[in-house]
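To start, the structure itself, in structure tokens.
Every number here is computed from the coordinates shown, using simple stated rules; none is lab data. The structure presented is a predicted model; accordingly, all values stated were derived computationally and were not measured. So basically every Cβ, Gly included, is an ideal-geometry build from the backbone, and we count neighbours across all protein chains shown.
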Amino acid sequence: MEKCEIIKLIDIRKFYKVGTQVVKALRTITLNVYVNEYVALMGASGSGKSTLMNILGCLDTPTSGQYFLNDKDVSKMDDNRLAEIRNKEIGFVFQTFNLLPRQTALENVTLPLVYAGMSKAKRYERALEVLESVQLSDRVHHKPNELSGGQRQRVAVARALVNNPSIILADEPTGNLDSKTSIEMMGLFEEIHKLGNTVIIVTHEEDIARHAHRIIRLRDGEVASDEVNKNLITMADYHLTEKV
């Protein structure tokens, strides 16, 4: 069966002017991501990884080149149109959770639906549904400071899923979590992928990247390698290790 492209990048470049110097954050990036792929985007500091993530997430636009997201050329869109695309097509999960401290888990998860113009009753119904899917139905009325780090990240994942986005884009999603909670979080992303979602994880950790089916490595603003992950880690591997 022919694979369907969800992301198509053609000769993407991103240059910044710093004083009299031009910083070439992305030199030439051409790549495709397909529907229901699970991709890890890796690179050291200065590799262009964060710049590429911002472009993929429609948080920034390239200096030149084209970015097609679901066959729409988003590379030339203005800020208002990009905001619409972000809310509809992309679910973000950040290292620092980015939850509103005075809002409950339920209220945090409903936020993207407010911007989408959904009625309050439907917002709450959908938010409860996704909170249950990430095993937080007993924490819906808790505020972030009443939740553990892992629970806060689950709220963030629920918020990312609530709009049924085309892509889940996770930036160092285990960066603020301990080892055990990180493994649980990667198990959650594994389940999200199995349900048919396209998942892109941005990470500098090899162990986290090995959960993805494809690993793209950046160096000096270019793709250094793009390979199928032959050392895939799944939750079954952890369960097997525990039994041994």
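The table below lists the values:
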read-out	value
Rounded to the nearest 20 debye, dipole of the range 13-138 from Cβ charges on Lys, Arg, Asp, Glu	560
Relative contact order of the range 5-132, pairs being alpha-carbon contacts under 8 Å that are 6 or more residues apart, as %	22
Calculated FRET efficiency for the pair residue 138/residue 213, C-beta based, R₀ 25 Å, to 0.05	0.15
Loop-located trypsin sites (Lys or Arg not before Pro) in the range 90-161, at most 10 other Cβ atoms within 10 Å (DSSP)	102
For the range 75-196, the Rg and Dmax computed from alpha carbons only, in angstrom	14.0, 43
The chain: radius of gyration over Cα atoms, expressed as a fraction of 2.2 N^0.38 Å	1.02
222 nm mean residue ellipticity, helices alone, for the chain (DSSP H n ≥ 4; -39,500 (n - 2.57); rounded to 500)	-10500 deg cm²/dmol
Rounded to whole Hz, the Karplus (6.51, -1.76, 1.60) HN-Hα couplings of the range 220-237, x for glycine and proline	6, x, 9, 6, 7, 7, 8, 9, 5, 6, 8, 10, 4, 9, 10, 5, 4, 5
Only Lys, Arg (+1) and Asp, Glu (-1) charged, at Cβ; the chain dipole about Cα centre in debye	560
Calculated Rg and Dmax of the range 69-117 using C-alpha coordinates, Å	13.1, 38
Dipole of the chain, positive direction: furthest Cα of 157, 176, 48, with charges on the beta-carbon	48
Where the Cα pairs of the range 1-75 fall when distances are cut into 10 Å bins, in %	18, 50, 25, 6, 1, 0
Residue 191/residue 20 FRET efficiency (R0 41 Å; Cβ-Cβ; nearest 0.05)	0.25
The chain, relative contact order [Cα under 8 Å, separation at least 6], %	27
Two-decimal Rg to Rh for the range 19-147 - Kirkwood Rh, Cα set	1.03
Approximate spin-label separation residue 11-residue 121, in nm, with each point projected 7 Å along Cα-to-Cβ	5.4
Amide hydrogen neighbours beyond the local backbone of residue 77, cut-off 5 Å, H modeled	none
